[in-house]
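Asker: Just dropping this structure here.
The values are calculated or read from the model by the stated rules, or taken from the named source; none is laboratory data. Values in this document were obtained by computation on a predicted structure and should not be read as measured data. Neighbour counts run over all protein chains shown; Cβ positions are idealised from the backbone, glycine included.
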Amino acid sequence: MKYIKLFENYISGLENYLVYKYKLHWVAKVKRNLFASSVEQKDIEKALEEWRYTGDCVVTKDAVCELCGQPYLHYHFQIKNLLKSNELWIGSECIKRFSAEDTKSIQFFDNYGNRITDERLIIKTVNKQMVDLKKDKKVQEVLELLSDLYNKTMESALNELFDQYSNKEYLTPLQMLWLDNYFSENNIEVNPHIFNVNLSNRFYLDQVFTRSADSIMRLENYLTRDQKEILDYNLNRKRRLS
Ligand SMILES: [Zn+2]
């Protein structure tokens with residue numbers, strides 16, 4: 001797998017070492033769960049090749065990925081083992097990550113029964129399924145925007161934000177500011193009122209206070225009237241105390 005090899009070859013400095021340790025842990029979990037339901041017991045690529053995405057994607061609540069163990073998922077994708085008739089329900093990150101490789105990956109087919117191995121096409125197909133299953137129009141609008149931008153630019157952060165927004169239906173203030181910056185750098189005009197920014201968490205609110213006055217003003221464009229009042233109240237309080 002490209003992803004695994006990338007991380008196995010990518011160690012320099014403490015931060016990368018920690019990422020490496022985390023990924024090893026993640027890969028170990030995937031291997032354990034995969035081998036438990038596959039015929040192949042040694043080679044992760046061979047084991048993945050035994051599996052096929054059935055095309056079934058369902059909305060769930062607080063589901064766990066049966067491949068990597070990631071919790072709190074809003075979507076489940078069904079994969080079936082072609083040799084053992086086992087099935088697993090996995091998350092969006094895993095279906096995207098493990099299908100988008102040459103032939104040594106989960107087999108992924110389009111609506112016409114043609115196998116797809118192109119990463120961009122797989123992510124586009126999966127994202128479209130996820131958008132279509134959302135009921136809230138505003139959430140759909142944000143997801144469509146993120147997905148379209150990702151398809152055009154292949155900027156991986158946009159796909160990561162897509163996955164987070166589809167599962168949690170909010171952005172943190174810092175994510176919103178990153179996106180705002182991305183919009184202005186690329187001359188993209190958006191309706192700021194479609195976004196849901198999470199300010200209810202104390203940690204996220206504190207993040208806002210570390211930003212410049214200009215950033216806070218830009219963030220306010222995306223907030224509701226109530227959120228702006230809360231933000232102003234806390235900013236004034238902070239000024240009084242300091
Ligand atoms: Zn997973």
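Asker: Looking at segment 69-80, which of its residues are under 18 Å from the mean Cα position of the chain (by Cα) and surrounded by 21 or more Cβ atoms within 10 Å (Cβ to Cβ)?
Answerer: Of the residues in segment 69-80, the ones under 18 Å from the mean Cα position of the chain (by Cα) are 69-78.
Leu73, Tyr75, Phe77, listed by residue number.
Asker: Of all residues being among the polar types (S, T, N, Q) and in contact with a Leu (Cβ under 9 Å, 6 or more places away or on another chain) in segment 81-98, which is surrounded by the fewest Cβ atoms within 10 Å (Cβ to Cβ)? Just the residue, please. Lay out the reasoning, then the answer.
Answerer: Kept after step one, since they are among the polar types (S, T, N, Q), are these residues of segment 81-98: 81, 85-86, 92.
Right, trim to in contact with a Leu (Cβ under 9 Å, 6 or more places away or on another chain) and you get 81, 92.
Numbers: Asn81: 17, Ser92: 25.
Among them, the one singled out is Asn81.
Asker: If I ask for residues that are surrounded by 18 or more Cβ atoms within 10 Å (Cβ to Cβ), of a type outside the set (Phe, Trp, Tyr) and assigned to a loop (DSSP other than H, G, I, E, B), which ones from segment 105-128 would you list?
Answerer: Ser105, Ile106
Asker: Something else about it: What do you reckon, is Asp102 away from the ligand (no atom under 13 Å from the Cβ), more than 20 Å from Asn159 (Cα to Cα), loosely packed, with under 13 Cβ neighbours inside 10 Å and modelled with pLDDT under 80? Spell out how you get there, then give the answer.
Answerer: On the way: away from the ligand (no atom under 13 Å from the Cβ): yes; more than 20 Å from Asn159 (Cα to Cα): yes; loosely packed, with under 13 Cβ neighbours inside 10 Å: yes; modelled with pLDDT under 80: yes.
Yes, satisfied.
Asker: Taking the options Met130, Met154, name whichever one is within 16 Å of the ligand (Cβ to nearest atom) and either over 16 Å from Leu34 (Cα atoms) or of a type in the set (Ser, Thr, Tyr) (or both).
Answerer: When all the criteria are applied, what remains is Met130.
Asker: Go through (1) in contact with a helix residue (DSSP H, G or I) (Cβ under 9 Å, 6 or more places away or on another chain); (2) under 30 Å from Val58 (Cβ atoms) one by one and return the number of the condition Asp148 breaks.
Answerer: Of (1) in contact with a helix residue (DSSP H, G or I) (Cβ under 9 Å, 6 or more places away or on another chain); (2) under 30 Å from Val58 (Cβ atoms), only one is false for Asp148: (1).
Asker: Among Leu83, Leu88, which is outside any helix (DSSP H, G or I) and away from the ligand (no atom under 12 Å from the Cβ)? Don't jump to the end; show me each part of the working.
Answerer: Values: Leu88 fails: away from the ligand (no atom under 12 Å from the Cβ).
From the options Leu83, Leu88, the qualifying one is Leu83.
Asker: Filter segment 208-242 down to the residues that are closer than 13 Å to Asp180 by Cα and surrounded by fewer than 16 Cβ atoms within 10 Å (Cβ to Cβ) and list them by number.
Answerer: Initial filter on segment 208-242 (closer than 13 Å to Asp180 by Cα): 214-223.
Passing the criteria: Asp214, Met217, Glu220, Asn221.
Asker: Right, here's the next one. Residues being in a helix (DSSP H, G or I) and buried (at least 17 other Cβ atoms within 10 Å of the Cβ): count how many of those fall in segment 130-139. I'd like the intermediate steps shown before the answer.
Answerer: Taking segment 130-139 and keeping what is in a helix (DSSP H, G or I), we get 130-133, 137-139.
Restricting the remaining residues to those that are buried (at least 17 other Cβ atoms within 10 Å of the Cβ) gives 130-131, 139.
Total satisfying the criteria: 3.
Asker: Of all residues in segment 58-80, how many are touching a residue at least 40 places away in the same chain (Cβ under 8 Å), in a loop (DSSP other than H, G, I, E, B) and out of contact with any Asp or Glu (no Cβ under 6 Å at 6 or more places or on another chain)?
Answerer: 2
Asker: Can I ask one more? Could you check segment 191-207 and list, in sequence order, the residues that are part of a loop (DSSP other than H, G, I, E, B), of a type outside the set (Phe, Trp, Tyr) and surrounded by 16 or more Cβ atoms within 10 Å (Cβ to Cβ)?
Answerer: Looking only at segment 191-207, we keep the residues that are part of a loop (DSSP other than H, G, I, E, B), and these are 191, 195-196, 198-201.
Within this subset, residues satisfying the condition of being of a type outside the set (Phe, Trp, Tyr) are 191, 196, 198-201.
Selection gives Asn196, Asn198, Leu199.
Asker: While we're on this one: Of the conditions (1) in contact with a strand residue (DSSP E or B) (Cβ under 8 Å, 6 or more places away or on another chain); (2) of a type outside the set (Val, Ile, Thr); (3) at pLDDT below 95, Leu179 satisfies every one except a single condition; which number is it?
Answerer: With respect to (1) in contact with a strand residue (DSSP E or B) (Cβ under 8 Å, 6 or more places away or on another chain); (2) of a type outside the set (Val, Ile, Thr); (3) at pLDDT below 95, Leu179 is out only on (3).
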